[in-house]
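**Q** Encoded as structure tokens, here's the structure I'll be asking about.
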Amino acid sequence: MIDFNQCNPELLSQLIEGRQVKNLRELFDEMNIVDLAEIVAELSVEEILFLFKTLRKDISAQLFTYLPNEVKAAMISSFTSGQIKSMIETLYTDDLVDFLQDLPANVIRQILKEADHEQRSEINLLLSFPSYSAGSLMSLDFVELKAEDSVKQAIVKIKRQGKDAETIQVCFVVDELRNLVGSVSLRTILFEDDDVLMKDIMDIDVIYATVYDDQERVAKLMQRYDLTVCPVVNDELRLIGIVTIDDMLDVLEDEVTEDIQKMAAIIPLDGSYLENSLHDIVKSRIAWLLVLMVSATLTGSIIGGFEQQIELLPALSFFIPMIMSTSGNAVLKLLPWLFVGLWWISWILKMSLKS
């Protein structure tokens with residue numbers, strides 16, 4: 001009997017080597033797919049490919065979503081045309097585009113070649129929007145209802161569209177021109193009579209983002225209004241897609257990481273700090289180091305010019321750490337205070353010399 005609670009790369013390798021398909025499928029049914037993705041990422045490409053041939057399509061698609069990009073790229077290079085096509089059909093469009101943005105052009109062409117006309121159009125649409133915009137993040141898989149739909153008709157549409165939709169918790173209502181006119185929750189629909197129309201129960205005060213809005217603005221919008229899903233419209237207010245809360249959590253993590261790097265006087269890096277090369281890390285840091293070196297040299301020169309005064313009044317040395325600290329990471333922000341501090345110390349020195 002296999003203890004699935006002790007799952008690790010060695011156990012997975014043993015199951016794969018022994019071709020224990022039943023145990024592998026049971027393992028992926030029992031354990032959380034996010035935890036399993038971390039373990040699978042440590043396997044060889046050949047072992048991962050065997051897993052994808054063994055597991056159900058829906059599980060393999062979820063697993064693929066949570067794997068690191070370098071593992072995904074290696075797998076795509078080894079996939080057959082049929083496997084690529086199956087993967088494209090199972091993944092949500094926004095997850096696929098998220099992955100494609102970090103791939104070489106030749107790999108993207110290989111994937112687009114296997115996509116059908118509709119999928120190719122959707123992928124090209126999302127790739128056409130600027131990076132870090134709502135358009136590049138949004139999903140095209142959502143439930144869309146008409147204002148004149150009854151509750152009965154809405155439930156039929158939810159059942160039909162919801163299989164491929166990223167979420168059915170909130171449905172968006174459009175008019176005949178596909179202009180966004182309202183939103184309605186699944187809970188509201190389920191507890192209304194069958195003949196009630198969407199236009200009578202929908203919320204017309206819809207918070208939305210446009211395709212060119214910066215991702216940070218969308219994240220703040222969803223945070224402010226406690227949204228789990230935000231509709232995305234074009235310049236004509238036509239509903240194009242949705243952004244879900246799981247995408248925004250990734251955005252907030254990226255934005256916080258970028259802010260921390262800026263606070264540490266590091267030019268923001270793409271991807272994880274540990275995954276970047278030494279060259280990229282040095283390149284991101286060198287500009288600020290040069291600025292800080294110049295500012296520290298300047299501060300040291302100024303202090304050196306007052307050596308005689310400091311000898312006469314040793315208490316002035318207590319201010320040196322404060323002056324030196326202003327030549328640290330926050331030198332530009334504290335530059336005005338630096339000059340104020342220097343002027344103040346100069347004034348004290350002059351008064352002490354006069355006395």
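The values are calculated or read from the model by the stated rules, or taken from the named source; none is laboratory data. Just so you know, these numbers come straight off a predicted model, no measurement behind them. For neighbour counting, all protein chains shown are included, and Cβ atoms are generated from backbone atoms with ideal geometry for every residue, glycine included.
**Q** Could you name every one of the helices (runs of 4 or more DSSP H) located completely within the stretch 76-164 that has at least 1 residues being within 26 Å of ILE245 (Cα to Cα), among the basic types (Lys, Arg) and more than 21 Å from the chain's Cα centre (by Cα)?
**A** It comes to 117-128, 151-161.
**Q** Continuing with this model, one more query. Is it the case, given these coordinates, that THR80 is free of Cβ contacts under 8 Å to residues at least 12 places away in the same chain and among the β-branched types (Val, Ile, Thr)?
**A** Yes: the conditions hold for THR80.
**Q** Go through the stretch 165-204 and give me each residue that's in a strand (DSSP E or B), over 13 Å from GLU144 (Cβ atoms) and under 28 Å from the mean Cα position of the chain (by Cα).
**A** SER185
**Q** Here's something else I'd like to know. Scan the stretch 191-213 residue by residue and report those that are touching a residue at least 24 places away in the same chain (Cβ under 8 Å) and aromatic (Phe, Trp, Tyr).
**A** TYR208, TYR212
**Q** Condition (residue is under 24 Å from GLY182 (Cα atoms) and either assigned by TED's automatic domain parsing to the domain that holds THR54 or touching a residue at least 12 places away in the same chain (Cβ under 8 Å) (or both)) applied to the stretch 100-108: is it met by at least one residue?
**A** no
**Q** Here is a follow-up. Pick from ILE240, ILE207: which is part of a loop (DSSP other than H, G, I, E, B), within 19 Å of GLN169 (Cα to Cα) and at pLDDT 90 or above?
**A** Result of the check over ILE240, ILE207: ILE207.
**Q** Going residue by residue through the stretch 130-145, is there one that turns out to be acidic (Asp, Glu) and either closer than 30 Å to SER60 by Cα or out of contact with any helix residue (DSSP H, G or I) (no Cβ under 6 Å at 6 or more places or on another chain) (or both)?
**A** Yes, because at least one residue in the stretch 130-145 is acidic (Asp, Glu) and either closer than 30 Å to SER60 by Cα or out of contact with any helix residue (DSSP H, G or I) (no Cβ under 6 Å at 6 or more places or on another chain) (or both).
**Q** Also, quick follow-up: May I ask you to list the residues in the stretch 192-218 that are among the acidic types (Asp, Glu) and closer than 17 Å to VAL251 by Cβ?
**A** Of everything in the stretch 192-218, those that are among the acidic types (Asp, Glu) and closer than 17 Å to VAL251 by Cβ turn out to be ASP213, ASP214, GLU216.
**Q** Restricting attention to the stretch 138-148, report how many residues are surrounded by fewer than 21 Cβ atoms within 10 Å (Cβ to Cβ) and out of contact with any Asp or Glu (no Cβ under 8 Å at 6 or more places or on another chain).
**A** Going through the stretch 138-148 one residue at a time, the tally reaches 2.
**Q** Go through the stretch 132-167 residue by residue and tally those that are farther than 28 Å from PHE99 by Cβ and touching a residue at least 40 places away in the same chain (Cβ under 8 Å).
**A** Of the residues in that region, 9 qualify.
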